[in-house]
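Sharing a structure below in structure tokens format, with a few things to ask.
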Amino acid sequence: MPVREPPAREARTLLLRAGSVDYTLVRRRGRRGVGLKVDSSGLTVSAPLTVPVARVEKMVLESESWVLGKLAVWRRRQVPVQRWDDGASLPWLGEALTLRLLAGRRAFAEIAGAELRVAVPAANDDAVRRAVVAWYRRTALAHLAQRAFFFSRLAVLAPPRVLLSSANSRWGSCNSRREVRLAWRLVKARPALVDYVVCHELAHLRHMNHSREFWAEVGRLCPDYRMLREELEATDHLYRSF
Ligand SMILES: [Zn+2]
């Protein structure tokens, strides 16, 4: 069998009217035409082996406004980089906690006012992150279970079993065993957004679909759900930094 050659990738810079843009040129044997793609890793241009670079770049220039528009959207949606040094800011229920590093022989984390005090034997970023995540998971479970209990009373439902998930791409799920799984990362968002996700999953205990009846049930529990759903979609990259 013929061995398929991997595509050749080359990092290049192109001067546009609005400034220079870095891109990856991918050369693929057998490809027809030039294709442009913009995603979290920036601009990628795929082209057949035979098309000269000058012609490839002319095509990018012709799509300049499309490329710049897409790059701007991705830049706005970039996941923030979390710092782990003393004084760093941590998102918590729509507010900011200040990370306070203490010396300690055993790892622990506790909240004190607007500070999250964290002690680790060796203050490296990874150890701090692990202690912080353990605290987030612990307190997220308490908060989420309490909100699920509150809304299940409102919905006249038996309270479901609440479990945590580490999912980064979906905020909640549920199953026919009445288990609701909620992403612990959600507690970085403001409480109304957390409540929307809780109500969404509780409504699934009645309607295992996204029918009109389902959305009516969500609206009964959470009247602002449309606005909150949009806000969560527009800001969810902010809650993915760790
Ligand atoms: Zn759903």
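Please list, short to long, the whole-number percent of alpha-carbon pairs of region 1-145 in consecutive 5 angstrom bins beginning at zero.
Spelled out per bin, shortest first, that is 2, 8, 14, 13, 9, 7, 7, 8, 10, 11, 7, 4, 1, 0.
From the P(r) of region 79-123, could you give the percentage of C-alpha pairs in the tail past 11 Å?
Value for region 79-123: 65 percent of Cα pairs lie more than 11 Å apart.
Counting only protein chains, not ligands or nucleic acids, how are 66, 84 ordered by accessible area (probe 1.4 Å), most first? Please report the intermediate quantities before stating the final value.
Working: 66 110, 84 25 Å².
These residues rank, largest area first, as 66, 84.
Then there is this: For residue 231 and residue 39 in one chain, what is 0.36 nm times their gap in residues minus the Cα-Cα distance, to one decimal in nm?
67.0 nm
How big is the chain on each of its three principal axes, counting only the C-alpha atoms and giving the largest first in Å?
65, 54, 46
To the nearest 10 degrees, how steep is helix 191-206 against the longest Cα principal axis of the chain, on a 0 to 90 scale?
Relative to the chain, helix 191-206 is tipped by roughly 80 degrees.
Using C-alpha positions alone, give me the convex hull volume of region 102-183 per residue in cubic angstrom.
It is 117 Å³ per residue.
For residue 18 and residue 63, calculate 0.36 nm times their separation in residues minus their Cα-Cα distance, and state this gained length in nm to one decimal.
Separation in residues times 0.36 nm, less the Cα-Cα distance, equals 15.0 nm.
Which whole-number percentage describes the relative contact order of the chain, with Cα contacts under 8 Å and a sequence gap of 6 or more? Before the final figure, lay out the partial values.
Values: 359 pairs, mean separation 31.0, N = 242.
Once normalised by length, the contact order is 13 percent.
The values are calculated or read from the model by the stated rules, or taken from the named source; none is laboratory data. For clarity, every value in this text was computed on a predicted model and none was experimentally measured. Accessible surface areas use protein heavy atoms only, side chains included; no ligands, DNA or RNA. Shrake-Rupley method; radii C 1.70, N 1.55, O 1.52, S 1.80 Å.
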